[in-house]
1. Specify the residue with the greatest mean-square fluctuation among 104, 145, 131, computed from a Gaussian network of the chain linking alpha-carbon atoms under 10 Å apart.
2. Can you list, bin by bin at 10 Å, the percent of alpha carbon pairs in the stretch 38-137, starting at 0?
3. Once you charge only the Cβ atoms, +1 for Lys and Arg and -1 for Asp and Glu, what is the size of the charge dipole of the chain about its Cα centre, to the nearest 20 debye?
4. Magnitude of the Cβ-charge dipole of the stretch 96-152, K/R +1 and D/E -1, about the Cα centre, nearest 20 debye?
5. Taking every pair of distinct Cα atoms and averaging 1/r, then inverting, what Kirkwood hydrodynamic radius in Å comes out for the stretch 21-63?
6. Given C-alpha coordinates of the chain, what is the ratio Rg to Rh with the Kirkwood estimate of Rh?
7. Rounded to the nearest 0.05, what FRET efficiency is calculated for residue 204 and residue 63 with R0 set to 41 Å and r the Cβ-Cβ distance?
8. With n ≥ 4 as the cut-off for DSSP H runs, can you work out [θ] at 222 nm for the chain, using -39500 (n - 2.57) per run divided by the number of residues, rounded to the nearest 500?
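The values are calculated or read from the model by the stated rules, or taken from the named source; none is laboratory data. Computed from a prediction, not measured in an experiment: that's the story for all the values here. Note that we place each Cβ from the backbone using ideal geometry, even for glycine, and neighbour counts take in every protein chain shown. In case anyone asks, the SASA skips ligands and DNA or RNA and just uses the protein heavy atoms, side chains included. Shrake-Rupley method; radii C 1.70, N 1.55, O 1.52, S 1.80 Å.
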Amino acid sequence: MANFRLDGKVALVTGAAYGIGYSMAKALANAGAKIVFNCRGKEHMDAALAQYKADKIDAKGYFCDVTDEDAVIKMVEDIKKTIGVIDILVNNAGIIKRIPMTEMKKADFEQVIDIDLVAPYVVSKAVIPDMIKKGGGKIINICSMMSELGRETISAYAAAKGGLKMLTRNIASEFGEFNIQCNGIGPGYIATPQTAPLREKQPDGSQHPFDKFIVAKTPAARWGDPEDLEGPIVFLASNASDFVNGHILYVDGGILAYIGKQPK
Ligand code: NAP
Ligand code: GCO
């Protein structure tokens, strides 16, 4: 029988101070994993530690910018010394910048690529050697439905998430023989701080046009909640998915399968 428990496992969830990362970390903790997370800001860290405590989760937080390779290596080494080798890595930390491509500064484009694509490579490179020594591990990269589709103003983000899909497949290919499974989760439109600007009420109190658009494009006729990702992350972090490798699991309410409701 497939085993969905994570007792005795150490899970690093990057950027798990709030949003999707927090929900996935909570799910992994409830399945038995010891949680470690990182973020950049003290305010976010303090709030996150208070929330983990309120949720009765003994999580350890690190101040670490995932784009700083030296800081990432130091964090991974400290986790190994104080808690244990990382068994499960969730590359979740990410940003988006919504700027028309011809108006986007090169530095803005590069920052999105650095956090959303280069950083998952940096963190994965830091954890894989000890996963190999330990006999295996799980890496889950948080991709996006924009790993498959584009839209106006998010050229850097779509390029990064498309690249992350292929990085996922390449890690799966290069390290599968060491019993490391690398898969992706591709959330659809999820209600978090990252998408708050797309859902905020209009000045006249009416629904944001993009909010209406997404609900019409989604068979489930709703935005996703971070909690919708809890089952998928436990599955991909557990032995239940030991023969799943290089797969992107889309958790999108069906949006990628659907042409969209005809406007009335
Ligand atoms: P969010 O609410 O903006 O949270 C992002 C998290 O990442 C925060 O904890 C943030 O903390 C951290 N972070 C950002 N840059 C970082 C850096 N350089 N180093 C360390 N931590 C960093 O985003 P979300 O909606 O939860 O999204 C989480 C992941 O899911 C992202 O990869 C996103 O692209 C992806 N995703 C989101 C959606 C959606 O609809 N929301 C859909 C598909 C995919 P600090 O700012 O304090 O560092
Ligand atoms: C946007 C949204 C999306 C979501 C998500 C969809 O501006 O279109 O932010 O990119 O964040 O990635 O899967």
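1. Comparing 104, 145, 131 in the GNM, the peak value goes to 104.
2. For the stretch 38-137, the binned pair fractions read 14, 37, 33, 13, 3 percent.
3. On the way: 31 positive and 31 negative charges, 76 e Å.
The dipole of the chain has a size of about 360 debye.
4. Values: 9 positive and 8 negative charges, 57 e Å.
In total the dipole reaches around 280 debye.
5. Numbers: mean 1/r = 0.0974 Å⁻¹.
By the Kirkwood definition, the hydrodynamic radius is 10.3 Å.
6. On the way: Rg = 18.2 Å, Rh = 18.8 Å.
The Rg/Rh ratio comes out at 0.96.
7. Working: r = 42 Å, r/R0 = 1.02.
Using R0 = 41 Å, I get an efficiency of 0.45.
8. Working: 8 runs with 101 residues, N = 264.
Using -39500 (n - 2.57) per qualifying helix, the result is -12000 deg cm²/dmol.
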